[in-house]
Amino acid sequence: MWRKLCCVAAAALIAAGFAASAEAEAFKLKGDPKPAWIYFNVKNDGGWTQAIDEARIRMEKDLGYKIPFVEKVPEVASEITPAAERYIERGHNIIIGSAFGYSDAFKDLAARYPEVAFLNPAGTTNGPNLQSIYGRTYETQYLCGMVAGAISKSGKLGFVAANPFGLVNWTVNAYLIGARKMNPKAELTVIYTGAWNDPVKERAAAQALVEKGVDVIGQHVDTPTPQVVAQEAGIFGTGHHRDMREFAPKATACSSIWVWDQYMLPTLKSIASGSWEPAPYGAFVHVGGGADIACCGDMVPKDVAEKVMAERDAIIKGKHVFEGPIVDQSGKERVAAGATPSDGDLWGMDYLIQGVVGQLN
Amino acid sequence: MTRRSWLRSTRLALEVRQRIPPLHRAAFILGALIVGLAICVAILVGRGVGLASIYEEFIAFTFFKASGVSTVIVQSTPLVLAGLSASLAFRVNYWNIGIEGQLFMGVIGATLVAIFDVGPESIRLVLMLVAAIVLGAAWALPPALLKVRLNVSEVISTLLFSYIAFYFVLNQVYGPWQDPKDKFPHSEQYDAIERLPPIGWEQVHYGIVVALAAVAVVWWLVERSRFGIQSRFVGTSPRMALAIGLPVGAIVASSAVLSGGMAGAAGFVIATATEFRLTPAMAAGYGFSGIVIAFLAGNRPFATLIVACLMGGLYVAGESMKVFYSLPDALVGLIQAIVVLSVTASEFFVRYRLRLAHYRGA
């Protein structure tokens, strides 16, 4: 058995060598593009997956062919791999995922099926035929933070966040930076629920924020619960993933949303034409290129909405949300004046900025 | 006699069967399976799936095509171990609901060995297996002691221990074991030497050897060893066992610990053969699947192997349904539940005989 192990190790090394040499050639798709999508939750989850499904339907209209999907494939390799292989056996040559927990399985699949293109929103792995994509949600949440800062009377904002790591922390920090652009005295109280999808904890967190006296609640979780609580309490909220006006029409002032067709349509076209080159460290899409805002609710004054849209244009033209100086809660300078953080620093953001009330752990 | 009076003089009687021949039992289970599958086919046809494609894509693909069969085997391997885990505890009427927690602790053990590179590389995998079994067993010990010493309900304590294990996993993946590479909440990937190698046919890996060995060991333990006979006694009649002087507490506690160890081994297989790291999602569902498998198999090791493979087949067929027809997840869950429920219900007909009884008078 141990000799067998050595053989496997040797085979892995050889495979790695092949992968390295294959990297030099551009990816060529065999035949017409035939995408299929693997969803990690049900298609009508009200948030992340539903945003993907809505994009899929718009893409079908644009492309003129059907894109099959499979819903609720959990983030374990023993479920993801067979689902993808079933599609590949049926001649699908572009497999699209939907979760960071798909990253390892997609990496293995991409190595095993070099003639198939793999795309994975929220993934972390990349390769010659594999692209992970995530939105610079700090940009969209920054814009929502501007709305929140402008419509808040007390200057006290709240935020319900999922899990305390980089790409959630950046939305919390950007939200306050946006709010302070409109109201320099704004402060933000954040509560982490420790789960992506836990409406019970989200409700408890949102209610705690209401009792603390905030009058706008922002969020980065998978359900519309924080906006629903805001509506019940007669205050305002900003949503994430999808336009939350559907669930809380009176409270939702703005939503940071996914518009995946903005990214997928041009990408599918470039895959078909042979000009696709996956970014080796992942594609981080800007506002307008896959992530965007749904702005604004009736409670937002017209001049505020105009300012927000002008800022959106500025970001598209290259303005960075985290332009220094950025100082964390302990007073330590994290980004020097005039500097901007690298993508690696953003991804690993493990601090909250000064003015945020709340703790990471 | 008019029809009405015939109805009055007849009723359905329920009789306990004194003896159930194995062939009889098998026939009832098969009959129930067919009824369940017929209901499922009716539902699928109602959703617009053709009869021919139901056979082609679900039955033929899942059980006769190489890629399908290999997927079923890979799916079933941890299910066999989870089923054995449940059956070991259920034999002595110890309701171990905390299999998922013990499975998680098994993964923690394996990951601990992998992260700290314990021992020489040539026996790393064996050490990971041992660590997984030991931690899984250790996690089953406190509820077992509480049960034996203080008569605390193991249904509650094992369930709560599962939650503790889950939050400990979250603590590790958001804390000390967070992947330093991508900063995501899972442990770093195991090295190549820390993964179960493939056996060289399709996707099947050496986990199948672990599972088959476990079936053999458990078979010997429960069918051939002194412990097996004693534990059967305890399971059938605990008071009598106590009266004749069997160490009932020790037998219940050691069964519970063995069950935990087996759950740890299931965790080892999932971690080293498919996931290659500790993730918070990896244990979901194995506890309840294990319970259903043990129940359907009547806690018998070889039957556990077969039932686990059928359950694996049901999962794979369900996944194919979702893939090929974009059927909603809820419908697939419904179909799987119908099949399992019909087979479970057959147990009623195995135990009881329905008879039309006539009586005169009135």
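Filter the range A:115-167 down to residues that are in contact with a helix residue (DSSP H, G or I) (Cβ under 8 Å, 6 or more places away or on another chain) and β-branched (Val, Ile, Thr) and give me whichever is modelled with the lowest pLDDT. Top of the filtered list is A:Thr124. Taking the criterion of being of a type in the set (Val, Ile, Thr) and closer than 17 Å to B:Ile99 by Cβ, the residues of the range B:142-166 that qualify are B:Val155, B:Ile156, B:Thr158, B:Ile164.
Scanning the range B:175-216 for residues being free of Cβ contacts under 8 Å to residues at least 60 places away in the same chain and touching a Gly at 6+ places or on another chain (Cβ under 7 Å) gives a total of 1.
Per the listing B:Val332, B:Val323, B:Val307, the residue uniquely under 15 Å from A:Ser78 (Cβ atoms) and hydrophobic (A, V, I, L, M, F, W, C) is B:Val323. Of all residues in the range B:177-206, those satisfying the criterion of being closer than 30 Å to A:Asp345 by Cα and facing chain A (nearest Cβ under 10 Å) are B:Gln178, B:Asp179, B:Pro180, B:Lys181, B:Asp182, B:Lys183, B:Phe184, B:Pro185, B:His186, B:Gln189, B:Asp191, B:Ala192.
Residue check: B:Ala110 meets all listed conditions (1) open to solvent by 50 Å² or more (accessible area, probe 1.4 Å); (2) part of a helix (DSSP H, G or I) but one, namely (1). All conditions in (1) under 17 Å from A:Gln141 (Cβ atoms); (2) open to solvent by 50 Å² or more (accessible area, probe 1.4 Å) hold for A:Arg312, with the sole exception of (2).
If I filter the range B:267-284 down to residues being assigned to a loop (DSSP other than H, G, I, E, B) and in contact (Cβ under 8 Å) with a residue 40 or more places away in the chain, which single residue comes out as most open to solvent (accessible area, probe 1.4 Å)? Among residues in the range B:267-284 that are assigned to a loop (DSSP other than H, G, I, E, B) and in contact (Cβ under 8 Å) with a residue 40 or more places away in the chain, the one most open to solvent (accessible area, probe 1.4 Å) is B:Ala284. Checking B:Val148, B:Val152, B:Val130 one by one, the residue that is outside any helix (DSSP H, G or I), away from chain A (no Cβ under 14 Å) and either open to solvent by 50 Å² or more (accessible area, probe 1.4 Å) or under 24 Å from B:Gly285 (Cβ atoms) (or both) is B:Val152 and no other. Which of the residues that make up the range A:174-192 are outside any strand (DSSP E or B) and crowded, with 24+ Cβ neighbours inside 10 Å? Result: A:Ala174, A:Tyr175, A:Leu176, A:Gly178, A:Ala179, A:Ala186.
Here is the figure for the range B:295-319: residues that are over 26 Å from B:Ala89 (Cα atoms), at the interface with chain A (Cβ under 9 Å from one of its Cβ atoms) and out of contact with any Ser or Thr (no Cβ under 7 Å at 6 or more places or on another chain) total 1. The set of residues from the range B:156-176 being outside any helix (DSSP H, G or I) and within 10 Å of chain A (Cβ to nearest Cβ) comprises just one member, B:Gly175. Check whether at least one residue in the range A:104-120 is within 14 Å of chain B (Cβ to nearest Cβ) and touching a residue at least 60 places away in the same chain (Cβ under 8 Å), and report yes or no. Yes, the range A:104-120 contains a residue that is within 14 Å of chain B (Cβ to nearest Cβ) and touching a residue at least 60 places away in the same chain (Cβ under 8 Å). Among residues of the range A:323-334 that are more than 17 Å from A:Gly178 (Cα to Cα) and part of a strand (DSSP E or B), those with a Cβ under 9 angstrom from a residue that is open to solvent by less than 100 Å² (accessible area, probe 1.4 Å) and hydroxyl-bearing (Ser, Thr, Tyr), sequence gap 6+ or separate chain, pair up as A:Arg334/A:Tyr351.
Within the range A:1-51, being more than 14 Å from chain B (Cβ to nearest Cβ), at pLDDT below 50 and either closer than 21 Å to A:Tyr102 by Cα or touching a Phe, Trp or Tyr at 6+ places or on another chain (Cβ under 8 Å) (or both) holds for one residue alone: A:Ala19. Of all residues in the range A:71-83, one or more are facing chain B (nearest Cβ under 10 Å), on the phi > 0 side of the Ramachandran plot and at pLDDT below 95.
You will find that of B:Gly36, B:Gly68, the residue that is part of a helix (DSSP H, G or I) and either modelled with pLDDT of 90 or more or touching a strand residue (DSSP E or B) at 6+ places or on another chain (Cβ under 6 Å) (or both) is B:Gly36 and no other.
Condition check for B:Ser289 on (1) at negative phi; (2) open to solvent by 20 Å² or more (accessible area, probe 1.4 Å); (3) within 13 Å of chain A (Cβ to nearest Cβ): one failure, at (2). In the range A:110-128, the count of residues that are surrounded by fewer than 24 Cβ atoms within 10 Å (Cβ to Cβ), among the aromatic types (Phe, Trp, Tyr) and part of a helix (DSSP H, G or I) is zero. Residues that are within 14 Å of chain B (Cβ to nearest Cβ) and open to solvent by 80 Å² or more (accessible area, probe 1.4 Å) within the range A:315-361 comprise A:Asp345, A:Asp350, A:Gln359, A:Asn361, listed in sequence order. Mind checking whether some residue in the range A:57-69 is in a loop (DSSP other than H, G, I, E, B) and away from chain B (no Cβ under 14 Å)? Yes, the conditions are met somewhere in the range A:57-69.
Considering only residues in the range A:70-96 that are outside any loop (DSSP other than H, G, I, E, B) and open to solvent by 10 Å² or more (accessible area, probe 1.4 Å), the one that is nearest to A:Pro33 (Cα to Cα) turns out to be A:Ile88. Quick one: in the range B:80-127, which of the residues that are within 14 Å of chain A (Cβ to nearest Cβ) and free of Cβ contacts under 8 Å to residues at least 12 places away in the same chain is nearest to B:Ala165 (Cα to Cα)? Residue satisfying both the conditions and the ranking: B:Val126. Listed by first and then second residue, the pairs linking a residue in the range B:141-154 that is on the phi < 0 side of the Ramachandran plot to a residue that is outside any helix (DSSP H, G or I), with Cβ atoms under 6 Å apart and 6 or more places separating them unless they lie on different chains, are B:Leu146/B:Val152; B:Glu154/B:Tyr94; B:Glu154/B:Trp95. For A:Ala99, the conditions (1) at the interface with chain B (Cβ under 10 Å from one of its Cβ atoms); (2) out of contact with any strand residue (DSSP E or B) (no Cβ under 7 Å at 6 or more places or on another chain); (3) open to solvent by 10 Å² or more (accessible area, probe 1.4 Å) are fulfilled apart from (3).
Among the residues making up the range A:159-174, those that are more than 14 Å from every other protein chain (Cβ to nearest Cβ) and closer than 12 Å to A:Gly358 by Cβ are A:Phe159, A:Val160, A:Val172, A:Asn173. The set of residues in the range B:323-341 that are open to solvent by less than 30 Å² (accessible area, probe 1.4 Å), within 13 Å of chain A (Cβ to nearest Cβ) and assigned to a helix (DSSP H, G or I) comprises B:Val323, B:Leu331, B:Val332. Do we have B:Ala27 as within 24 Å of the chain's Cα centre (by Cα), in a helix (DSSP H, G or I) and of a type in the set (A, V, I, L, M) here? Against the criterion (within 24 Å of the chain's Cα centre (by Cα), in a helix (DSSP H, G or I) and of a type in the set (A, V, I, L, M)), B:Ala27 qualifies.
The values are calculated or read from the model by the stated rules, or taken from the named source; none is laboratory data. Since we're looking at a predicted model, the values are computed, not measured. Cβ: placed from backbone, ideal geometry, glycine included. Neighbour counts: every protein chain shown. Just so you know, the surface numbers come from the protein's heavy atoms only, side chains and all, with ligands and any DNA or RNA stripped out. Shrake-Rupley method; radii C 1.70, N 1.55, O 1.52, S 1.80 Å.
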